[in-house]
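Notes follow once the structure below has been shown.
The values are calculated or read from the model by the stated rules, or taken from the named source; none is laboratory data. Keep in mind the model is a prediction, meaning the values are calculated, not measured. Backbone-built Cβ (ideal geometry, glycine too); neighbour counts: all protein chains shown. Heads up: the accessible areas ignore ligands, DNA and RNA and are worked out on the full protein's heavy atoms, side chains in. Shrake-Rupley method; radii C 1.70, N 1.55, O 1.52, S 1.80 Å.
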Amino acid sequence: MREQPSNTGETGGTDRVRLSCVVNGEKVSALVEPHLTLLSFLRQELKLLGVKEGCGEGECGACTVIMNGNAVNSCLTLALEAEGARILTVEGLSNGGGLSALQEEFVKHDALQCGFCTPGMLMSARALLDRNPDPGTEEIKEAVAGNLCRCTGYYPILEAITAAAKREREGEQR
Amino acid sequence: MVGSFDYLRPQSLAEALEFLHKQPETCRVLAGGTDLLVLIRRSVASPAHLLDIKALPETGRFEYTLGEGLLIGAAVTVNRLAESPLVREKYPALADAAGALATYQVRNRATLVGNICNASPGSDLAPALLVFEARVRVKSLNGSREIPIDEFFTGVKKTVLKPDELVTEVFLPDPGEGDKSVYLKQGRVKGHDLAVAGVAVRLTGSKKLCLAVSALAPAPLRLRHLEEMLNAVGFDAVTAEKAALEVEHFIRPISDIRASAEYRKHIAAALLKRAIRHCEGGGKSA
Ligand SMILES: Cc1cc2nc3c(=O)[nH]c(=O)nc-3n(C[C@H](O)[C@H](O)[C@H](O)COP(=O)(O)OP(=O)(O)OC[C@H]3O[C@@H](n4cnc5c(N)ncnc54)[C@H](O)[C@@H]3O)c2cc1C
Ligand code: FES
Ligand code: FES
């Protein structure tokens, strides 16, 4: 575990506070420092290394997770703001070890190369399909516009999401 | 996150105001955190206390009363506005602006009140609030006050708010029948970016124009003098052209990494003309 920055006592307290939430369906309870981001909490405390840090400032979307049904940047959310929340990360997408339809379509369409953007991209796509099972191309673009990809050129990603939406609509298990 | 602060999440307004009263200088209000947490990360801000206002019952309010207007609580997110059929119908310029702000994920956290309290010259929501003559409702332990939005901004990242004051909500009067409005934003890229220029135009049912801009002056700006000039002769087929010709005399754009002042003047004229034409043409999607 990373060394936490020490409390200098000059700029207010950093006493650890109890956080309880549900991550990928499991109840989690931990003592966290108030300035810990949700991103750091998921990576450092829970070892959910699928959650990536790119910019740390809301620009790239690599850290996207689903909190209470909404896609959010975990780098711009404090861990303590997740008190009582339901959090879904990429680790929670696959069911029983197998890949979900959405993940399979990403593989099939070459929607990933280096893979760094992929967990965040998948979470934005998951949140989209949960609120809109039949999105048009413009809606898909809008939903993932906050997820930067430097490898694929985006089109394979749009195709993968479109194909996954179709499979899910046809009643296939997520 | 760099910095070291404690985190408070009061459940009542009284508690929150009490805390702000005791620690006005070292405490910062936390709404969506999409401005504040970036500032803390960059060590531009280093508050000792963050006061999360999202659990206060008052801040969650989002209520429209016919003939009166729309009340938007301080915890209401930008996506809530972007996706509201009511906002789309009654306050289209606000719906446009909400949909043009940042990315989907950021909009799920960002609040309208946080956007105006942050007081960026490039605020996307301010021009729409200016043309609808929004009122900012503020509370502190010493009482409450209501600030017309065009008196709210005082400069780059500056507002009339005092450190112990909390904005509880913003109120938008009902625009009434026949009201048309639109917000047009020019960025550097088609995807998300801060505005190079943003223009809100409203044409009321009685054919009065209201105009406001962002990223074209040190603070979001209502173009009152230009409005008066145009409204004095009445709305007609050449109003859009005239506005486009004149607007450069009423704004104070700067050159920065996003655009030159010259380009900003040019784009302000183009957006203004397009926006007025849009309202003239019945106000269907721009
Ligand atoms: C990647 C990215 C892209 C962005 N793009 C845009 C864009 O295109 N257009 C745009 O306009 N903005 C943009 N922003 C800025 C930001 O998202 C918005 O300004 C947002 O609306 C701020 O709201 P918030 O709730 O996150 O504010 P916070 O960060 O929580 O607060 C902002 C400031 O307001 C104060 N404050 C908040 N609520 C209150 C209150 N009730 N009473 C008193 N003070 C209060 C805080 O103390 C802080 O100083 C972007 C930000 C990011 C990270
Ligand atoms: S790491 Fe959160 S948006 Fe880049
Ligand atoms: S696959 Fe490399 S950044 Fe998207």
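Quick look at the values:
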{"read-out": "Part-to-part distance (alpha-carbon centres) for segment B:173-240 and segment A:117-148, which is given in Å", "value": "32 Å"}
{"read-out": "Average beta carbon contacts from partner chains per residue of B:30-42, 10 Å cutoff", "value": "4"}
{"read-out": "Size of charge dipole - chain A - debye, nearest 20, with Cβ of Lys, Arg +1 and Asp, Glu -1, no other charges", "value": "320 debye"}
{"read-out": "For the pair A and B, total buried accessible area rounded to nearest 100 Å², probe 1.4 Å", "value": "2500 Å²"}
{"read-out": "Relative contact order, percent, segment A:2-92 [alpha-carbon distance under 8 Å, six or more residues apart]", "value": "33 percent"}
{"read-out": "Net +/- balance of residues flanking residue B:205 in space, Cβ distance below 13 Å, scoring K and R +1, D and E -1", "value": "+2"}
{"read-out": "Highest average packing first - B:229-236, B:168-175, A:162-169, B:101-108, Cβ atoms within 10 Å", "value": "B:101-108, B:168-175, A:162-169, B:229-236"}
{"read-out": "Partner chain coverage, peptide A:52-58 - average Cβ within 10 angstrom", "value": "4"}
{"read-out": "Using alpha-carbon coordinates, inclination of helix B:224-233 to the longest axis of chain B, degrees", "value": "30 degrees"}
{"read-out": "Segment B:26-121, Rg to Rh (Cα coordinates; Rh as Kirkwood inverse mean 1/r)", "value": "1.00"}
{"read-out": "Gyration tensor verdict on segment A:59-105 (Cα atoms; rounded if a/c is under 1.5, prolate if a/b is larger than b/c, oblate otherwise)", "value": "oblate"}
{"read-out": "Volume per residue of the C-alpha convex hull in chain B, rounded to whole Å³", "value": "124 Å³"}
{"read-out": "Among B:74, B:278, A:67 the positive-end extreme of the charge dipole of the protein assembly as shown (Cβ point charges)", "value": "B:278"}
{"read-out": "Average other protein chain Cβ within 10 Å of Cβ, residues A:30-36", "value": "4"}
{"read-out": "When each of B:139/B:207; A:47/B:54; A:52/B:157; A:52/B:158; B:157/B:185; B:185/B:242 is checked by Cα-Cα distance, pairs over 26 Å", "value": "B:139/B:207; A:47/B:54; A:52/B:157; A:52/B:158"}
{"read-out": "Estimated FRET transfer efficiency when R0 is 30 angstrom, pair residue B:141-residue A:57 (beta carbons, to 0.05)", "value": "0.30"}
{"read-out": "Charge tally in the Cβ shell below 10 Å around residue A:79, where Lys, Arg are +1 and Asp, Glu are -1, residue A:79 excluded", "value": "-4"}
{"read-out": "Tilt relative to chain B, helix B:13-22 - C-alpha long axis, 0 to 90 degrees, to 10", "value": "80 degrees"}
{"read-out": "Where the protein assembly as shown is the region considered: accessible area per residue in Å², 1.4 Å probe", "value": "43 Å²"}
{"read-out": "Dipole moment magnitude, nearest 20 debye, the protein assembly as shown about Cα centre, only Lys, Arg, Asp, Glu C-beta charged", "value": "520 debye"}
{"read-out": "Portion, in percent, of the accessible area of segment A:2-92 that falls on carbon or sulfur, probe 1.4 Å", "value": "46 percent"}
{"read-out": "Highest-first arrangement of B:85-92, B:187-194, where packing means the average Cβ count within 10 Å", "value": "B:85-92, B:187-194"}
{"read-out": "Whole-Å semi-axes of the ellipsoid equivalent to segment A:2-92 (Cα gyration tensor, √5λ, descending)", "value": "21, 16, 11"}
{"read-out": "HN-Hα J in Hz across segment B:157-174 - Karplus 6.51, -1.76, 1.60, θ = phi - 60°, x for Gly and Pro", "value": "6, 10, 9, 7, 5, 8, x, 9, 9, 10, 7, 8, 6, 10, 10, 10, x, 5"}
{"read-out": "Accessible carbon and sulfur surface of segment A:94-169 relative to its total accessible area, %, 1.4 Å", "value": "54 percent"}
{"read-out": "Aspartates and glutamates with Cα under 16 Å of residue A:108, excluding same-chain neighbours fewer than 8 positions away", "value": "A:159, A:168"}
{"read-out": "Lys/Arg +1, Asp/Glu -1 at C-beta; chain A dipole; positive extreme among A:76, A:21, A:34", "value": "A:21"}
{"read-out": "Rounded to 10°, Cα long-axis angle of helix B:261-280 versus longest principal axis of chain B", "value": "70 degrees"}
{"read-out": "Simple Cβ-charge dipole of segment A:94-169, Lys/Arg +1 and Asp/Glu -1, about Cα centre, in debye nearest 20", "value": "120 debye"}
{"read-out": "Gyration tensor (alpha-carbon) shape descriptor, chain A, a/c threshold 1.5", "value": "prolate"}
{"read-out": "Bins of 10 Å from zero: percent of alpha-carbon pairs in the protein assembly as shown", "value": "4, 20, 28, 26, 16, 5, 1, 0"}
{"read-out": "Along principal axes, Cα extents of segment A:114-174, largest first, whole Å", "value": "32, 21, 17"}
{"read-out": "For residue B:83, net neighbour charge (Lys/Arg +1, Asp/Glu -1) across residues whose Cβ lies under 10 Å away", "value": "+4"}
